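*Asks:* The structure under discussion is supplied below as structure tokens; questions concerning it will follow.
Coordinate-derived values only; no laboratory data. These numbers come from a predicted model, not from an experiment. So basically every Cβ, Gly included, is an ideal-geometry build from the backbone, and we count neighbours across all protein chains shown.
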Amino acid sequence: MQINKKLIKYFFISIFLVEYFSLIGHIYPLVNNVVFFLIILVFIAASIYKIEYGLMILLAELFIGSFGRLFAFSLFCFPLSIRIALWFVFLIIWFAKEIADLRRRRFVDWKSIIGVKDSENQIVFAFFGLFFFVIWGFANGLLNQSGFGAVFLDFNGWLYLALLFPILRILRVKQKIKMLMQILILSAAWLSFKTFFLLFIFSHNMSSIVPEFYAWVRDTRIGEITQMQGGFYRIFMQSHIFVMIAFFLVLALFAKNFKSLRNINKENLLYYFLATVFSAVNLISLSRSNWLGLALGLVLFGFFLLYSYGFKKFLVMTALIFFSGCLSVGLIAFTVKFPFPDPMGGFSTSELLSERAKQLSGEAGVSSRWSLLPELWKEIKKAPFLGKGFGAPVTYRSSDPRVLEANPNGLYTTSAFEWGWLDIWLKLGIFGALSYLLIIILLFKLFVKNIILRKSDYLDSDLTTALMPTIIIGLAVIALINFFSPYLNHPLGIGYLLIVAAILQANEHQ
């Protein structure tokens, strides 16, 4: 799957300008407001011209934007993020185009509108079930909680589910799926560049620019920057989850094209280089939950290699992946200890990574997470079947220095929780959580039906071979990580779930 060179150029120029003006807009609010509306105008024009262009821009923002607040505009004291604005505009344009199309055809083809060809489609009906429980969670939250604002802030991420039918309808064509996968890889490449750039400037004592970058990353919620031992800085972004998925995608593309070590072409060298860089980014994040997901993904990817290519290629690929991991550690050390201008790195990379992996208690973040768990269970037990609705608060004793500074006894009340599946259970009830699990199970079932049971067909397709196992591995990884970090109740996880559903549906009807 060769990436379109024109797409590469326009993508990186556009993303660089967006990120640059986001940084400038953080310093000068007027710039933020002007660029916010310029982006909306460009987005409207692109979506009207071709609705798939609007979808690609929307999903590119999802891939790189973490919480979607690279730009925000204050509307009646409500901070309207660029993600919500793009989502709203896209749905209006898509719906208007569908209405215009219906008027031309003079009959209603509901199957076509929702993007499926089978009126008995189980996955679509399962999504309807989840829609019901989300609406119930909103209503239940209003009944149980003390204010609309708290309920809406907790609920608004689930609005991304409204993109189900546009995504199903647009991603029915193989060329559009290929374009989306190219954008995913390019987004991961950009995130990798940004991660290494931040790691470099923070680990090289660039005091003249570090405060502005730190404030920008913190206030736009792009990610988190934390000083660790010996001059190393942890750079974590919620969007790193897509770097992990892109890691498996480029590995699958590499495996597809790999013949022998003597016959590696430029395209395969590029895939291997990207896999090394993406691997390094996942290490730099120092996220234990992400590492756990990465471990699961590697195990599943190993099964994919064995099933698809046999034991010999499995051994070769395993060795190459291990070597790539070693290179990624070296790349991190090189970045931090580069002798110019003023490196602060006096740490051992292997020691830092191993200590981070073993540290399951004592650290403020870990202690707070474990302190939350029993209190969260208590609240779930109060309404296990119907849930308590969005905005349901839980009070626990936090070890976070910011909380202790504001409240010395450490008591902290919040409605946003690290335990993702328990968060869903608390707010939607057990049946809401089970409806979510049902969608994931049905997607795995569809994968088995269309890929595993048709091995000879998918081995002949470069797109299908690389893509189908990769996206299902990505879904398994996110489902596991969601036990410890919230993704499936957030646009990042919901958006990916919709993409997986659309791609598997498209393959079903090829």
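*Asks:* Which longest run of the chain has no exposed loop site in it, a site being trypsin sites (Lys or Arg not before Pro) in a DSSP loop with at most 12 other beta carbons within 10 Å, and the site itself not part of the run?
*Replies:* Answer - 260-510.
*Asks:* Still on this structure: As a test of the formula, what do you get for the chain when each DSSP H run with n ≥ 4 contributes -39,500 (n - 2.57) and the sum is divided by the residue count, at 222 nm and rounded to the nearest 500 deg cm²/dmol?
*Replies:* So the helix-based figure for the chain works out to -23500 deg cm²/dmol.
*Asks:* What's the FRET efficiency of Ser260 with Leu296 using the Cβ-Cβ distance as r and R₀ = 30 Å, to the nearest 0.05?
*Replies:* Calculated transfer efficiency: 0.55.
*Asks:* Now, a different point. Taking amide H atoms as placed 1.01 Å from N in the peptide plane, list the residues 5 or more away in sequence, or in a different chain, whose amide H sits under 5 Å from that of Leu80.
*Replies:* Counting only residues 5 or more places away or on other chains, the set is Phe73, Ser74, Leu75.
*Asks:* Do the alpha carbons of any pairs in Lys256/Lys313; Lys178/Lys259; Lys50/Lys97; Lys176/Lys449; Lys9/Lys178 sit beyond 20 Å of each other, and which pairs?
*Replies:* From Lys256/Lys313; Lys178/Lys259; Lys50/Lys97; Lys176/Lys449; Lys9/Lys178, over 20 Å: Lys178/Lys259; Lys176/Lys449.
*Asks:* Mind sorting Ser239, Ser208, Ser289 by how few other Cβ atoms lie within 10 Å of their own Cβ, fewest first?
*Replies:* Placing the least packed residue first, the sequence is Ser208, Ser289, Ser239.
*Asks:* Let me ask another. For labels at Phe148 and Leu41 in the simple 7 Å Cα→Cβ model, what's the distance in nm?
*Replies:* 3.2
*Asks:* How would the stretch 1-50 be classified by its alpha-carbon gyration tensor: rounded, prolate or oblate, with rounded meaning a/c under 1.5 and the a/b versus b/c comparison settling the rest?
*Replies:* Verdict is oblate for the stretch 1-50.
*Asks:* Between Tyr49 and Ile430, 0.36 nm times their residue separation minus their Cα-Cα distance comes to what?
*Replies:* Using 0.36 nm per residue and subtracting the Cα-Cα distance, I get 132.8 nm.
*Asks:* Note down the nm distance, to one decimal, between modelled labels 7 Å out along Cα→Cβ at Lys174 and at Phe78.
*Replies:* For the pair Lys174/Phe78, the computed spacing is 4.4 nm.
*Asks:* Testing the spin-label approximation: label points 7 Å from Cα along Cα→Cβ at Leu159 and Phe338. State their distance in nm.
*Replies:* That separation, rounded to one decimal, is 4.0 nm.
*Asks:* Can you classify the stretch 144-290 as rounded, prolate or oblate using the Cα gyration tensor, where a ≥ b ≥ c are the square roots of its eigenvalues, rounded means a/c under 1.5, and otherwise it's prolate if a/b beats b/c and oblate if not?
*Replies:* Oblate is the answer for the stretch 144-290, as a/c is 1.5 or above yet b/c matches or exceeds a/b.
*Asks:* Which whole-percent values make up P(r) of the stretch 1-86 when all C-alpha to C-alpha distances are grouped in 5 Å steps starting at zero?
*Replies:* 3, 13, 22, 27, 19, 10, 4, 2, 1, 0
*Asks:* While we're looking at this one, here's another question. Multiplying the sequence separation of Lys312 and Phe273 by 0.36 nm and subtracting their Cα-Cα distance, what value in nm do you get?
*Replies:* Using 0.36 nm per residue and subtracting the Cα-Cα distance, I get 11.8 nm.
*Asks:* For Rg/Rh (Cα atoms, Kirkwood Rh), the choices are (1) 1.53; (2) 0.95; (3) 0.97; which was calculated from the structure?
*Replies:* (2)
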